[in-house]
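Beneath this line is the structure, given in structure tokens, with notes to follow.
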Amino acid sequence: MIFLTSLITPDIGLLFWMLLSFSIVFILLKKKAWPAILDTLKEREESIEEALRSAEQAKKEMEALQSSNEDLLRAARDERDKLLKEARETKDKIVNDAKTKAQEEADRIIANSREEINNQKLAAMAELKNQVASLSIEIAEKIIRKELSTDEKQQALVNELLDDVNLN
């Protein structure tokens, strides 16, 4: 128990040696360890500040990139809308041109068909006239042969024609 009491109430010699050893450790730490520790802390503080600056710079760059991306998206949408509008206009123009060409072609075909029908009608009428004339000649020829089958009838016709010629 004495030993424990001596530790609780230190003596002057023990205090001297404790103070001396603490001073030596303190001086050694101050000369050798503190500068290294303070330099390391200063470097760590600077690296943290640099990291914060870098993070702030990265944040600003990300905001700028996001703004730039939004501008690019807006421009891309505008370009897409413009291209779609041009495509619609081109489609409408092509459809209208096709309709116009189809109408012109239909009108041309109708005009050609009418002309062809008219030509065929005229040809049919000419053919009909030729057939009527041919039949008329055949009928007249048969009538004349029948009427002029005897010599007296032929002589009477010649006299009648001569009388008509003399009068004219």
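Taking 0.36 nm per residue of sequence separation and subtracting the Cα-Cα distance, how much length would be gained by fully extending the chain between Leu162 and Glu141, in nm to one decimal? It would help to have the intermediate numbers written out before the result.
On the way: separation 21, 0.36 × 21 = 7.56 nm, distance 2.04 nm.
Gain on stretching Leu162 to Glu141: 5.5 nm.
Quick one: grab the alpha carbon gyration tensor of the stretch 89-160, order the square roots of its eigenvalues as a ≥ b ≥ c, and give me rounded if a/c is under 1.5, else prolate or oblate depending on whether a/b is larger than b/c. Display every interim value, and only then the final one.
Details: a/c = 17.29, a/b = 8.50, b/c = 2.03.
Judged from the Cα gyration tensor, the stretch 89-160 comes out prolate (a/c at least 1.5, a/b above b/c).
Taking each full run of DSSP H in the chain as one helix, which ones are at least 20 Å long along their axis (Cα atoms) and have mean Kyte-Doolittle hydropathy of at least 0.5?
Working: long enough: 12-28 (24 Å, 2.59); 34-147 (163 Å, -0.92); 151-167 (24 Å, -0.59).
Helices passing the filter in the chain: 12-28.
Per 10 Å bin from zero, what fraction in whole % of the C-alpha pairs of the chain is there, up to the bin with the longest pair?
Histogramming the chain at 10 Å steps yields 7, 8, 8, 8, 7, 7, 6, 6, 5, 5, 5, 4, 4, 4, 3, 3, 3, 2, 2, 2 percent.
Quick one: Cα centre-to-centre distance for the stretch 27-76 and the stretch 85-153, in angstrom?
Distance between centres, Cα-based: 98 Å.
We did not get these values from a lab; they are worked out from the coordinates using the rules stated. This is a predicted model, so every value here is computed, not measured.
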